[in-house]
Amino acid sequence: MNKPSIGASFVAGSLSGTCSTLLFQPLDLVKTRLQIGARTTAFPTNHGIVGTASNVVRHENVSALWRGLTPSLSRCVPGVGMYFTSLTTLQHLCLGDRQPTALEAGALGASARAWSTTALLPFTVVKTRYESGRYQYGSVRQALSSMARVEGLRGLYSGLWVTIARDMPFSGLYYMFYSQFKEKLQKSAFLYDRPELKGPATFGCGLISGVLACLMTQPADVVKTQVQTTTSSRSTWSAAVYIFQTRGAAGFFAGMTPRVVRRSLMAAMAWTVYEKVS
């Protein structure tokens with residue numbers, strides 16, 4: 001893969017982040033509702049993906065499925081761009097034009113994700129709270145202001161460590177799987193030497209890599225949601241204990257299907273666009 005420019009990397013990431021967020025926000029909202037396990041009559045979540053989505057439409061409206069879209073865009077658009085920019089820079093500095101090994105790809109992917117996750121965490125918290133239906137913020141600015149005033153930095157950066165524990169392994173595993181799958185395809189003249197198959201092959205590599213990375217990081221995602229949707233200073237450990245006590249081991253995999261579908265498709269789209277500029 002030729003090294004794309006820093007600007008092209010950021011634009012490719014931001015463009016794919018915008019499109020995928022607009023398309024898949026309802027899946028993220030349903031995932032959040034399933035993970036918090038709300039048992040209020042207004043937001044019942046014990047009927048699976050279709051039942052939860054239907055309840056949102058019935059008790060709110062169709063547009064409520066895109067609740068949290070603004071903070072999602074505020075996080076994903078610069079976040080994906082920052083990730084690809086970091087990955088491009090790190091790979092060039094560390095490896096030059098050489099393709100990474102599996103372990104190198106994992107380290108590069110995880111490192112590239114770390115700073116964007118930290119920098120944009122307040123928007124992640126706002127997005128999660130919007131999606132939960134438990135908070136009635138008027139705008140992203142009002143939400144950030146309220147959190148800063150009432151909860152301080154602890155609120156704005158709630159769930160920092162568990163979010164890092166989710167995002168860094170996800171990105172590391174994803175890039176490791178993706179680079180290895182892509183290398184195998186490149187060695188197959190029938191598949192990868194035909195220009196018309198390059199796009200579908202890239203998308204397929206991204207899709208499979210996303211599924212595997214999602215499955216391995218699902219428990220951390222559930223714990224993150226629990227930490228960020230409460231104003232009480234719940235630690236990562238206490239959130240994990242609460243999930244186990246109330247929902248058992250299966251609780252750590254709540255919302256897995258919508259998350260796997262959304263993250264896998266988003267990542268596949270992002271990498272397909274990124275490869276186009278490389």
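Please go through region 80-97 and pick out each residue that is part of a helix (DSSP H, G or I), touching a residue at least 24 places away in the same chain (Cβ under 8 Å) and surrounded by fewer than 21 Cβ atoms within 10 Å (Cβ to Cβ).
Answer for region 80-97, where residues must be part of a helix (DSSP H, G or I), touching a residue at least 24 places away in the same chain (Cβ under 8 Å) and surrounded by fewer than 21 Cβ atoms within 10 Å (Cβ to Cβ): Thr89, His92.
Just to be sure before I move on: is Glu151 modelled with pLDDT under 95 and closer than 25 Å to Asp28 by Cβ in the structure I sent?
yes
Can you give me the number of residues within region 230-273 that are open to solvent by 40 Å² or more (accessible area, probe 1.4 Å), not polar (S, T, N, Q) and not in a helix (DSSP H, G or I)?
Of the residues in that region, 1 qualify.
Checking Thr124 against (1) open to solvent by 20 Å² or more (accessible area, probe 1.4 Å); (2) part of a helix (DSSP H, G or I); (3) within 21 Å of Phe10 (Cα to Cα); (4) not aromatic (Phe, Trp, Tyr), only one condition comes out false. Which one?
(1)
Picking from Gly68, Gly51, which residue would you name as being open to solvent by less than 50 Å² (accessible area, probe 1.4 Å), over 19 Å from Leu173 (Cα atoms) and free of Cβ contacts under 8 Å to residues at least 60 places away in the same chain?
Numbers: Gly68 fails: free of Cβ contacts under 8 Å to residues at least 60 places away in the same chain.
Only one candidate qualifies: Gly51.
Which one is least open to solvent (accessible area, probe 1.4 Å), of the residues in region 127-156 that are touching a Ser or Thr at 6+ places or on another chain (Cβ under 9 Å) and hydrophobic (A, V, I, L, M, F, W, C)?
Taking the candidates together, the pick is Met147.
Taking the criterion of being over 30 Å from Leu108 (Cα atoms), assigned to a helix (DSSP H, G or I), among the β-branched types (Val, Ile, Thr) and touching a Pro at 6+ places or on another chain (Cβ under 8 Å), would at least one residue in region 136-143 satisfy it?
yes
Could you list all residues from region 217-269 that are closer than 15 Å to Thr128 by Cα and of a type in the set (Val, Ile, Thr)?
Answer for region 217-269, where residues must be closer than 15 Å to Thr128 by Cα and of a type in the set (Val, Ile, Thr): Val222, Val223, Thr225, Val227, Thr229, Thr230, Thr231.
Could you check region 157-178 and list, in sequence order, the residues that are in a loop (DSSP other than H, G, I, E, B) and either open to solvent by 50 Å² or more (accessible area, probe 1.4 Å) or among the β-branched types (Val, Ile, Thr) (or both)?
Residue satisfying the conditions is Tyr157 alone.
The values are calculated or read from the model by the stated rules, or taken from the named source; none is laboratory data. Keep in mind it's a predicted model, so treat the numbers as computed, not measured. A quick note on method: Cβ atoms are made from the backbone with ideal geometry, for glycine too, and the neighbour counts reach across all protein chains shown. Accessible surface areas use protein heavy atoms only, side chains included; no ligands, DNA or RNA. Shrake-Rupley method; radii C 1.70, N 1.55, O 1.52, S 1.80 Å.
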